[in-house]
Structure formats: structure tokens, C-alpha cells
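Have a look at the structure below, then the notes.
Where a number appears in this text, it was derived from the coordinates with a stated rule and is not lab data. Keep in mind the model is a prediction, meaning the values are calculated, not measured. Note that we place each Cβ from the backbone using ideal geometry, even for glycine, and neighbour counts take in every protein chain shown.
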Amino acid sequence: MTHCTYQHFLGSVQILLSFNNIKSFLYTLTCSLLIVTFHVSAESPYPLLVQEVKSALATRCLDTNQTAVNIVNITNGETVFSYNPQTPLLPASTLKVVTTAAALHYLSPEYRFHTDLLTTGQRVGDTLQGDLILKGGGDPKLNTEQLLYFVNQLKESGVQKIAGRLLADVSFFDSYDRAPAWNETRTQRAYDARLSALSLNYNTMTVHARPADQLGEPLRVWLEPETSYVRIDNHTKTTKKGKSSIAARRYESNVEVTGSLSSYSEERMVLMNVEDPSRYTIATFYTQLQKAGISVAGGIEIAPAPPNATRLYRHTSPPLSMILKELNTYSNNFIAEQILKTIAAQETNIPGSHAEGLRLVNEFLQRSNVNMQGIVLKDASGLSRENYFTVQAMTTLLTAMQKRFDIGADFMSSLRVLGANGVESHRLKDSPAQGKIRAKTGTLDGLSALVGYVSNASGQQFAFALFLNNNNCGHSGADVVENRIVNAIYTHGTLY
């Protein structure tokens, strides 16, 4: 790939006089203008770093008006390199860094989500009189095994019958099952999972399919977890040979499975989100109770627990610090939005809402001395294209968090160590800076971002933010630009 140099600029005059290569002239003139634009200081103490960053940003596939870079030496607070630092751009999933910081600030690293099993009645023999209530506390990590804990506790205590209803209390959150800024038309993919104070398995379910024993028969199809929430319509076939593929589509309370597998095919799986998370969770719990031999006389309802309800059992989540590590490692949109609503529910009045959560995040940023000009927050995950952030604001936040004794270490440890041997950390594994970077990525169509920390060879720490909006590089091409800049910080971020 060709990069701009000062030689292009010096040669442009001769090219212009000859008029024999107008295209080359326009390119070299553009390059010279970029070099002037990216110029930081003739006396910069990081000349090789600045030169390498300029060269990386001269890549043709970038939109210079929608590209922004800010690099700060945390040790002395010096801005090492800056380009379009206050231009509001789309941050994509790097916005999860902001959510992470705010969550640690408001909730603390040791915060744990609670899911309670309540009752309105008394135990009479093997029967629990009154209603049984599953009360959600916003836990984004609640799974099937943890519901089984409640079931097993009831069974081991001798309960065989619930005389009343099975209720789901979802009053910890408001009724929105998505960020209000998101398009109302939702996909059925797992990354687009709906929200609820009572959620299960990231509000997704898995369709499994295996070939039947006989050719021509429908595939063996089942759901994980088993639940009365939906019914499977199996329109599949076991074939001798040919293309093997299955698809699953949710239609209200039915899941239609289509396609075929050859008799030699391995098991296939399709993940999809659920239409109504609260009902999905309570229906799955109902199925587990039935399988354990515990009957429920009343029906299933979504309703708040009455004031006289007493707690039977409680499930406690892992600490928030561990959940945030998962959030940033897998860039989980569902976890981010659940956490935002939890901030609101804990800091203000229940139910937790996006509006109140975002207000609190904005307030936290102001307390962190972030320049709020141009910043617009519409969700916690960065999925919305109505979010706007600046690279200067991001490095200010990163610097502030690094200096906080109470939560700074937990914040930094939530970020992946790029180039290390961990999960989802293969990027930059063969680079000079491998293992010296903690960062969060962000991608949307035509957009790439990378923010975080890098340590130089001497152990000095730098905060950086790179937003490449409206680029034509493709994901791999944008990675090349970002990797060059990060490596430049590591290699040349030493004072001369």
C-alpha cells in the first residue's frame, strides 16, 4: 500500500508544470495536505511515533473528515498526537467502555445481581399454599442451571404441589425490551436479544437437530432449554446425500424448523432470541418444576410480588467485575443494556429505565472532567447509530479511570489483553506490542474503532482512541491501520 511522504509534496510542483499526470498530482497534493493537517509540533518529543501515525492515517481508504485519533501519555498527561479530537463520531462497541466505567462507579466491582424465589403462602404438608413468585433483579447471567437450584431446593424440602399461581415479577425494570433508540424492527439473532428484569440464558434459546435413524424421516429436533414457552414445528428431512442445512424461524409461540441433513451429518445448532423474555423464563421454570414432580395448580402470570410475600431462596450472581470482563471480551450487547438499567434502578427509583441510566452516565462523565461537547448517548452497547463520542472524551475517561484506586484496576482488567493467549485475544499476537495492549474494539458497517491502553518498552502507559468512521478499508484493512498506530505507540513512545 502506498503512503504519503514529503517527497510527494516536493515532486508535485514538477508534476503540475508538466500536466502529464494530473491524477498523480492530485494524490500527492492530497498527501501533502494530510501531512500538514496531522502535524502536531515540529518539536514533538516523539518524532518517530508521529511520523508513523501520519503515515498510517494517509491510507487511501480512510475518510479524513470522519477519522479521529487521540493519544495521551498518562504519566505526564501530555497529548502525544491528536487529529480531529473533538469531532463527534460513532463509537460503535467502544461505547461499552463508557458503560463499564459508569457501572463500576455507581455499582462497585463487588455488586451482585439477585434473583429471588418468593411465596405468598405457608407450607402445609407437601403443599405450598399461595403463589410461588420468581422475582428478577436484572441478572444478565441467570441460566437454566440456576433455575434448577430453586427447583431442587423445593424438591429436597418435600414440596410436591404449589396450590396457587406461578408468577414472574419483572418490576425491577420498565417495560421496554430494547433501547428506545433502536429500530422497532428486530432480528431474531442472539446479538439482538430483548431485555427484561427476569432474563434467562441471555434471552436466547438453541434449536438442536440430528439425522433420524431412517432416511426420509424428520430430523430429531429439540430445544435447549426444554420449555413450555414454544412449540416446535418440524418440517425437516433426513436424506442420503446432498446439501445439509437447517434454519429456524420463530412465529409467536412456535418455532418452525426447516431444511435437511444427510444421514452422516453431525448435529447442527441454531441460536435465536426469544420474543418475550419474562414469559420464556417463567415458562422454563414451570417446565422444570413439572419434570421434578412438582405440580402447579394455578396458571402462569407476569405480576409484581405482593408486599406480604416472603423469600424462600436467593440466587446471587458473580461479582460485577467478572461480568464486565465477559461484557468486553465478547462485546455482549445484552449485558451492556441490562447493566445500564440496573444502574438506574439502584441509583434512583425502581423501575430502571434507559432514560435514567443514560442521564446518570452523562453525569458520571461530567464528574470525570470529560468535555461533553458533541457527545450523544442513546444506548449502552454502541449498537445505535445515534450515539456520538469524541476521541478526546474517550482518552480523558481512560486517563481518569487509570488513576482511580477504587475501581481503576477492575476497569483495566475488564479489557482484553490483545496478542495474549486468552479468549478472543489473538489480534496483534505477532506484533511488537503483543501482550502490552488492553483495548476494546468497535465495528459497524463501514466503521471501525479501537480504544484502550498500551505500554511502551519502558513501561510508560498511554491512552489511545481511534475512530475510523465511513471507511472503505473493510474490517481487515481498518485493523491494519489501527495495529500500525498501536505498534507505533509501543515502539516509539519513548522520549528522545
To the nearest 20 debye, what charge dipole does the chain have about its Cα centre, counting +1 at the Cβ of each Lys and Arg and -1 at the Cβ of each Asp and Glu? 640 debye
Listed by chain and number, the residues whose amide H is under 5 Å from that of D233, excluding neighbours fewer than 5 places away on the same chain and using placed H, are V255, E256, V257
With unit charges on the beta carbons (Lys and Arg positive, Asp and Glu negative) and the dipole taken about the Cα centre of the chain, which residue among V370, A68, T120 sits farthest to the positive side? A68
Just need the relative contact order of the chain here, percent rounded to a whole number, with Cα pairs under 8 Å and 6+ apart. 22 percent
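DSSP beta bridges in region 113-317, what fraction antiparallel, as a percent rounded to 5?
Values: 30 of 50 bridges.
Antiparallel bridges make up about 60 percent of those DSSP assigns within region 113-317.
Let me have the 222 nm mean residue ellipticity of the chain computed from DSSP H runs of 4+ only, each contributing -39500 (n - 2.57), with the sum over all residues rounded to the nearest 500. Each step should come with its number before you reach the end.
Details: 12 runs with 159 residues, N = 496.
Theoretical 222 nm ellipticity from helices: -10000 deg cm²/dmol.
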Using the Cα centre of region 113-317 as the reference point, and only Cβ charges (+1 on K/R, -1 on D/E), how large is the resulting charge dipole? Debye, rounded to the nearest 20. 400 debye
Less than 17 Å apart at the alpha-carbon level, and either on another chain or at least 8 residues along: which lysines does that give for K341? K96, K135, K141, K378
Taking the Cα of T491, stepping 7 Å toward and past its beta carbon, and measuring to each backbone N in region 49-78: which are under 11 Å? 49, 52-53
Residues of region 419-439 with backbone N under 14 Å of the label point set 7 Å from the Cα of M412 along Cα→Cβ are 436-439
Between Q160 and H426, the two model label points (7 Å from Cα along the beta-carbon direction) sit apart by a distance in nm of 5.5 nm
Report the gain in length on full extension from Y264 to Q460: 0.36 nm times residue separation, minus Cα-Cα distance, nm rounded to one decimal. 64.9 nm
Stokes-Einstein D for the chain at 37 °C, 0.692 mPa s, Kirkwood Rh over Cα pairs, in µm²/s? 129 µm²/s
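In the chain, what percentage of the DSSP-assigned beta bridges are antiparallel, given to the nearest 5? Don't skip to the answer; put the middle values down first.
On the way: 63 of 84 bridges.
Taking every DSSP beta bridge within the chain, about 75 percent pair in antiparallel fashion.
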Straight-line reach from K440: which aspartates and glutamates have Cα under 18 Å away, leaving out those fewer than 8 places along the same chain? E326, E337, D379, D410, E424, D479, E482
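Compare the peptides 116-126, 437-447 by average per-residue count of other Cβ atoms within 10 angstrom and give them in order, highest first. It would help to have the intermediate numbers written out before the result.
Working: 116-126: 15.7, 437-447: 20.5.
Packing proxy ranking, top to bottom: 437-447, 116-126.
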